[in-house]
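Read through the structure below, which is laid out as structure tokens, and then see the notes.
The values are calculated or read from the model by the stated rules, or taken from the named source; none is laboratory data. Computed from a predicted model, the values in this text were never measured in an experiment. A quick note on method: Cβ atoms are made from the backbone with ideal geometry, for glycine too, and the neighbour counts reach across all protein chains shown.
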Amino acid sequence: MNYLQPWMLWALPTILLPIIIHLLNRLRYRTVHWGAMMFLLKANKAATRRAKIRQYLLLLFRALVILFLVWAMSRPIIGGWIGSAAGGAPEVVLVVLDRSASMEGRAPDSQESKRQHAIALLSQAAKQSAGSRFVLIENVLRQPLEIADTSALASMQMASATDTAADIPAMLRTALDYLVKNKPGSAEVWLASDLQASNWRPESPEWQDIQARFAGLPQETQVRVLDLSSPGGTNLSIGLKAADFRVRDAKTGKGQLALAFEIKTNGKTGTFPLLVTRDGAKSQTDVKLTGSAQRQTMKFDVPKPEAGGGWGKLELPADDNMADNTAYFVHRTPVAMHTTVISDLPLTAKIFRFAAAPDPSRADRTAETLTPARASGTRWKDCALVVWQGAPPADAEAKALDQFVNEGGVLLVLPPGKNEGDSAGVAGISWGEIEKSGKDSFRVTAWDDLDGPLQRTDAGTSLPLARLAVIQRQMPRTATAAAHVYGAYADGQPFLTGRRAGNGYVFACSTLPDEEWSGLGEGFVLLPMVQRLIAVGGKHLAPPTLAIAGEWKPETTEGSWAPVETDRRSDPRWNAGIYRNGAQLIALNRPDSEDVPDLVESAKLPELFKGAKLTVMAGALELKADRLMSEIWPAMVIATMLFMCLEMLLATSRAMLPVKLKPKAKPAAKAEKNEEVAA
Amino acid sequence: MADAPPNLEFLDHGVIGRLSRLILNVRNPMLGSVNGLHRSATRGASVEFAEYRKYAPGDDIKFLDWRVFARTDKFFIREFEADTNLRCFLVMDTSASMKFTSTPEGGTRFDYARKLAATIAHMLVHQGDSVGLTCFAEKTVDLPPRRTPSHLRQLYQTLGEAKPVGESNIVQTLHDFAERIRQRALVVIISDLFTEVPPLLDCIKHLRFYKHDVAVFHLLDRQEYDFDFTRPVRFVDLESGADLITDPSVVREAYLDAVQDYLTAIRHGCQQFNVDYHLTYLDQSFEGLLTNFLLSRIRHSKKGGR
């Protein structure tokens, strides 16, 4: 329970007033020399327990009257979340609002989304903290934004629905930055979130930093968490995994669109209608759901898309969370990803060519092989990947290659295959001596399977690097030391390193695919590795068609991105949808992490906010906005009046009659006396 | 001792004067030594015919009624009432509790008792009866009954010197007294009777057993009866000095009950033993009380056949 006028509570000791008056009365006794002591002793012994109980009850009622009166005057509020017990309104309230896609979910019997509900609760709470400045920090821009009128929060664009993910630790860091920078005298952080684990990342080491920073704040900062987590009603979500367009007929440009999507459900299975929109035309198919998550690929024969590409969306029927029922896609005739392999080892060149363009019938992967001597004059900027093995290029060529990398291309450098001493090779990489393994070949035992060319496959299986046998190796010595090791041998020497250079990357592999060097030529590692390098390097050839809302930033500042569908509110900064800028199209979708229903356990919150004073309002979703902090003084006043009535009843009852009223017995005594006289 | 002028402030001559036309009567026959106003238990030589009775050998033949003998030829003795004098004992409580008064200007219980005793003594001596005085508290002061005016003076002096101090020992005093005074007498007890009722009634029974005419003036202050205190009071016992702080509003009901029980018990006891009981409040007029007392006795004795 909190109080709007907590200073009134200082008046609470006045409930002792009746007791003090009673004691004073007792102290102010008169001394009477008394003859009829025998009756008095008898009376005192019999001391009418009932009268004593009444006296005590009277005292109690009087104390209660004052107690409830003081209590009512301190204006208590129930709700327990907002309103501080000690110091009144804080100077600054940082409203940290999670408006990620999952916040669009609804409580099972509500029409409001969690975000709307949170805003209603927050603006209601803000009314009680009228003296404070309110600063909004939301999850997309994470810019502290001062709000003049908290009641306008519901209509503010910065608090509207998004299809983004939220990074709660980052938002808290922003809040802390604000507090450190602005140094308010007293501050509170009001954090409204649905406690989605993917947003909170409770295992992240960032939390230790946040705890330390909260503990280090000069002012004591109260963190109030509005816990909007819900068990979740029946909800289906759809997420697009890939939209691949493959040209089937090179003449007409007709092709096949393969949409890989995943439908997740929390319990409900059965057949659901799936509404497919392609370039504005709608069709409906049924999807049969058997498990909690189901991956599916739908294929459509489509005509040649326009220059910018075709677009569409997949829609599930309405359910408890409207935000995760749509997946957008843009498909486009794939741009040919050209790979140039430069090597003076024919076998190496051939193997890389096959790895780069395994299917000659597909136009989207092409490869050519050149010897270093003939490399000059190649149009580097049309390439996605350049594989270089052998002698370094001439200066002019090297500059062109650097420019290619800086513009976003990927350069994979292979060992020269002979001892070259310390002379610098391609991209400033010099090579060590050739090492030959003994009986046991070199083994790659550690590699980065989360990121980079050796990461797991989409299906989650690791690349079989452990099976890779390396007989000979030659270690790159990178001129710039800041190279990331993507794979390493058992003895700690790098297998594959890479570093960023401008917009592109330079990778160096320490072995060759030739048989006498390693088993790379078998392809089970090489093929995915090269394809991934091509995918990275191909980004600069064609702008992306799919991106994640909130993470995507327009690459060019030219023109403006406008939604293709105008029937819903769309902001390319945070709303999913199809956006067009000139001929360019992009489909923004919510991050997959938003569809994961895992929650942070509320028992874990105090641990996360170890350095701060934490109040958690659990079950906020069921709480009506007007109940958030209902004042209960009317009940107190009624209680006061009730006790007053009781006190009055008791005080005027016969046993407590004022002593001055003459008892009835006296006239009778007189009458008796008269009788005596008469006798 | 006799020459010192006695302190007579407790004598109200106005009242004495007004009451002088009345006499103090006894309700049952007395056995006096001299002729007096009062009916004797024996037959005597008054002019008042009492009864006839058969002659028995040894009777003085001068009392034979010859006329009856002439008519009936039987010997009858004519008997007359004897008039005798009265011995009265004024038993006055001088314990410390007699000091009490709720209205200081109205005088204490002791003043009232002394006035009562003095007036009754004066009346008795003036109608020729002997009067004695017993003032009891812890110690007892005794004055044997005499009927001389000088004795009255001595009695006044004793009253004047009496002080209400010490604890009352009324039960023991009355028992001793009853044993000491064997001869029929009028015993006037003036006290607040603050003691347990059953032992007190035993004393009265004892007195009545010796055929004393017992009159009781039970002196109570109005405040002791009403207990009209509003604020907490520290009550200090006049006799023992023990004190008790209490809130009268709490104990009042029980107090009034206790007083009522006590008064009812005393009244019933006195009725049972035919005691002339007068519950007297200190604010009652002293003259009116005495007038009532005297008149009721006169009425009683008339009914009794005088």
How many residues are within 12 Å of another protein chain (Cβ to nearest Cβ) and assigned to a helix (DSSP H, G or I) when one looks only at segment B:267-277? 4
Number of positions in segment A:176-201 that are part of a loop (DSSP other than H, G, I, E, B), within 13 Å of residue A:221 (Cα to Cα) and not charged (D, E, K, R): 3
With the first residue restricted to segment A:445-472 and required to be in a strand (DSSP E or B), and the second required to be basic (Lys, Arg), Cβ contacts under 7 Å at 6 or more apart or on different chains are A:472/A:436
Looking at A:218, A:273 in this structure, which one is over 29 Å from residue A:361 (Cβ atoms), assigned by TED's automatic domain parsing to the domain that holds residue A:179 and surrounded by fewer than 13 Cβ atoms within 10 Å (Cβ to Cβ)? A:218
Would you confirm, using the coordinates I've provided, whether residue A:620 is in contact with an Asp or Glu (Cβ under 9 Å, 6 or more places away or on another chain), in the same structural domain as residue A:186 (by TED's automatic domain parsing) and either modelled with pLDDT of 70 or more or surrounded by 13 or more Cβ atoms within 10 Å (Cβ to Cβ) (or both)? yes
Among the residues of segment A:330-378 satisfying the criterion of being over 47 Å from the mean Cα position of the chain (by Cα) and among the aliphatic types (A, V, I, L, M), which is farthest from residue A:524 (Cα to Cα)? A:373
For segment A:379-396, give me each residue that is in a helix (DSSP H, G or I) and either buried (at least 18 other Cβ atoms within 10 Å of the Cβ) or touching a residue at least 24 places away in the same chain (Cβ under 8 Å) (or both). A:380, A:381, A:382
How about segment B:102-131: which of its residues are within 14 Å of another protein chain (Cβ to nearest Cβ) and surrounded by 21 or more Cβ atoms within 10 Å (Cβ to Cβ)? B:109, B:110, B:112, B:113
Could you list, in sequence order, all residues of segment B:1-22 that are crowded, with 16+ Cβ neighbours inside 10 Å and modelled with pLDDT under 80? B:6
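Every residue, every condition in (1) β-branched (Val, Ile, Thr); (2) in the same structural domain as residue A:265 (by TED's automatic domain parsing); (3) within 19 Å of residue A:228 (Cα to Cα), yes or no:
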residue: A:103; (1), (2), (3): no, no, yes
residue: A:135; (1), (2), (3): yes, no, no
residue: A:147; (1), (2), (3): yes, no, no
residue: A:179; (1), (2), (3): no, no, no
residue: A:182; (1), (2), (3): no, no, no
residue: A:205; (1), (2), (3): no, no, no
residue: A:208; (1), (2), (3): no, no, no
Going by the structure shown, is residue A:420 assigned by TED's automatic domain parsing to the domain that holds residue A:524 and at pLDDT below 80? yes
Give me the pairs: first residue in segment A:16-39 and more than 8 Å from chain B (Cβ to nearest Cβ), second residue surrounded by 13 or more Cβ atoms within 10 Å (Cβ to Cβ) and of a type in the set (Val, Ile, Thr), beta-carbon distance under 7 Å, and six or more apart or on different chains, which are they? A:17/A:66
From the list A:239, A:255, A:233, exactly one residue is surrounded by 15 or more Cβ atoms within 10 Å (Cβ to Cβ), in contact with a strand residue (DSSP E or B) (Cβ under 8 Å, 6 or more places away or on another chain) and modelled with pLDDT of 85 or more. Which is it? A:239
Hits in segment A:431-444 - residues which are outside any strand (DSSP E or B) and either free of Cβ contacts under 8 Å to residues at least 24 places away in the same chain or basic (Lys, Arg) (or both): A:438, A:439, A:440
Whether any residue in segment A:136-146 is more than 23 Å from the chain's Cα centre (by Cα) and either basic (Lys, Arg) or surrounded by 24 or more Cβ atoms within 10 Å (Cβ to Cβ) (or both) is what I want to check. no
Mind checking whether some residue in segment A:307-327 is basic (Lys, Arg), within 20 Å of residue A:277 (Cβ to Cβ) and outside any loop (DSSP other than H, G, I, E, B)? yes
Scanning for something part of a helix (DSSP H, G or I) and modelled with pLDDT under 90, does segment B:184-204 turn up at least one residue? no
Looking at (1) polar (S, T, N, Q); (2) more than 7 Å from chain A (Cβ to nearest Cβ); (3) farther than 29 Å from residue A:43 by Cα, can you tell me which one residue B:280 breaks? (3)
Here is a list of conditions, (1) buried (at least 24 other Cβ atoms within 10 Å of the Cβ); (2) on the phi > 0 side of the Ramachandran plot, and residue A:191 meets all of them except one; can you say which number that is? (2)
Going through (1) in contact with a Ser or Thr (Cβ under 7 Å, 6 or more places away or on another chain); (2) hydrophobic (A, V, I, L, M, F, W, C); (3) modelled with pLDDT of 90 or more one by one, residue B:270 fails only at (1)
Search result, residues across segment A:123-175 that are over 14 Å from residue A:191 (Cα atoms) and assigned to a helix (DSSP H, G or I): A:124, A:127, A:150, A:151, A:152, A:153, A:154, A:155, A:157, A:158
Given the structure, is residue B:217 facing another protein chain (nearest Cβ under 10 Å) and either touching a Pro at 6+ places or on another chain (Cβ under 7 Å) or among the aromatic types (Phe, Trp, Tyr) (or both)? no
Quick one: residue B:293 ticks every box in (1) facing chain A (nearest Cβ under 8 Å); (2) crowded, with 20+ Cβ neighbours inside 10 Å; (3) part of a helix (DSSP H, G or I) except a single one, so which number is it? (1)
Look at residue A:197 and say whether it is touching a helix residue (DSSP H, G or I) at 6+ places or on another chain (Cβ under 8 Å) and touching a residue at least 40 places away in the same chain (Cβ under 8 Å). no
Of everything in segment A:439-476, what is over 15 Å from residue A:496 (Cβ atoms) and either of a type in the set (Lys, Arg) or out of contact with any Phe, Trp or Tyr (no Cβ under 9 Å at 6 or more places or on another chain) (or both)? Give them in sequence order. A:439, A:440, A:441, A:456, A:457, A:458, A:459, A:460, A:461, A:467
If residue A:564 satisfies every condition in (1) more than 22 Å from residue A:158 (Cβ to Cβ); (2) outside the structural domain of residue A:447 (by TED's automatic domain parsing); (3) surrounded by fewer than 17 Cβ atoms within 10 Å (Cβ to Cβ) but one, which is the exception? (3)
Positions within segment B:233-266 being over 22 Å from residue B:110 (Cβ atoms), hydroxyl-bearing (Ser, Thr, Tyr) and either more than 7 Å from every other protein chain (Cβ to nearest Cβ) or outside any helix (DSSP H, G or I) (or both), in sequence order: B:246, B:264
Please find, within segment B:74-101, the residue that is surrounded by the fewest Cβ atoms within 10 Å (Cβ to Cβ) out of those that are hydroxyl-bearing (Ser, Thr, Tyr) and either within 10 Å of another protein chain (Cβ to nearest Cβ) or part of a helix (DSSP H, G or I) (or both). B:101
